[in-house]
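The values are calculated or read from the model by the stated rules, or taken from the named source; none is laboratory data. Every value quoted in this text rests on a predicted model; they were computed, and no experiment measured them. Counting neighbours? That spans all protein chains shown, and the Cβs are built from the backbone with ideal geometry, glycine included.
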Amino acid sequence: MKNRRSLRQTILIVTTQDKDEESDEDKKFIQEPLTYENLMCYLSKVTLPSSLWAVHKESTGKFVIFSCLSDNTSDIFISTDKTIMFEGSLKAEIFVRGRRIDTPFITLQNVDSFETMDALLKQVDKFELCKGTGLDSALYSAECSLILDPRYRYRNSRCGKCATKRTHMKKTEAQRLRRAAARKREVVKNTVISRKQFKKKEIKYVDNEPEIDVNETSNYFDKEDQQFTDGEVDENT
């Protein structure tokens with residue numbers, strides 16, 4: 001019966017042998033030309049650029065996708081900024097925010113080894129993307145260039161199309177607010193004028209009310225009394 005010390009030594013030897021065998025297998029595999037079938041089996045060998053990256057494999061082996069989640073993800077907005085897809089071959093198709101792109105910045109679209117795969121992932125990861133208009137009503141221009149050309153400088157990390165759209169939208173919003181404020185002032189002005197006109201009508205009505213002459217009233221009753229007296233019958237006649 002083996003004691004604990006000899007058992008630990010046996011486990012250590014077996015573990016070391018497994019690691020050596022795995023290491024030799026990895027080295028042999030990495031040195032061999034990469035195929036689509038090998039990629040499907042050894043996806044874990046691919047080094048992802050950061051924790052924002054993930055790999056997805058279709059269950060029947062139709063495609064393999066590497067995707068990068070946007071670092072601007074919030075509780076109201078989730079976006080996959082960068083995607084690399086291999087569909088039945090090692091020719092990479094690059095997508096930025098869901099739109100397929102053909103750009104001269106990508107020099108490693110045909111992958112033939114794990115080294116070039118890692119290099120492609122790093123290259124795509126370094127893409128500087130346009131941050132859009134910065135307005136919730138329209139996050140990006142329909143003609144957004146998506147990737148900022150490293151040969152040029154951009155103000156506020158926006159492409160020309162998104163910068164133009166942002167300026168236009170802000171002007172449009174400012175005009176809308178000015179028109180709304182003008183309509184509000186007009187309503188208040190009309191309300192004040194209506195109240196003033198109503199008060200003037202009340203004053204005119206009181207001023208035009210006919211006055212009662214006391215003397216005319218007395219004369220009226222005197223005439224009535226005189227008529228009544230003239231009409232009396234003398235009982236003695």
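Within region 153-170, can one find any residue that is in a loop (DSSP other than H, G, I, E, B) and either in the same structural domain as SER70 (by TED's automatic domain parsing) or surrounded by fewer than 16 Cβ atoms within 10 Å (Cβ to Cβ) (or both)?
There is at least one residue in region 153-170 that is in a loop (DSSP other than H, G, I, E, B) and either in the same structural domain as SER70 (by TED's automatic domain parsing) or surrounded by fewer than 16 Cβ atoms within 10 Å (Cβ to Cβ) (or both).
Residues in region 114-125: is at least one part of a loop (DSSP other than H, G, I, E, B) and among the hydrophobic types (A, V, I, L, M, F, W, C)?
no
Within region 14-40, which residues are surrounded by 13 or more Cβ atoms within 10 Å (Cβ to Cβ) and either within 23 Å of PHE95 (Cα to Cα) or at pLDDT 85 or above (or both)? Talk me through it step by step, then tell me what you get.
Looking only at region 14-40, we keep the residues that are surrounded by 13 or more Cβ atoms within 10 Å (Cβ to Cβ), and these are 26, 29-30, 34, 36, 38-40.
Matches in region 14-40: LEU34, TYR36, ASN38, LEU39, MET40.
Quick one: is LYS82 modelled with pLDDT of 90 or more, part of a loop (DSSP other than H, G, I, E, B) and not assigned by TED's automatic domain parsing to the domain that holds SER141?
no
Which of the residues that make up region 117-132 are farther than 15 Å from LEU48 by Cβ, modelled with pLDDT of 85 or more and either surrounded by 17 or more Cβ atoms within 10 Å (Cβ to Cβ) or of a type in the set (Val, Ile, Thr) (or both)?
Within region 117-132, PHE127, LEU129, CYS130 meet the criteria.
Can you say whether THR107 is at pLDDT 85 or above and outside any strand (DSSP E or B), as far as the supplied structure shows?
For THR107, the condition - at pLDDT 85 or above and outside any strand (DSSP E or B) - is not met.
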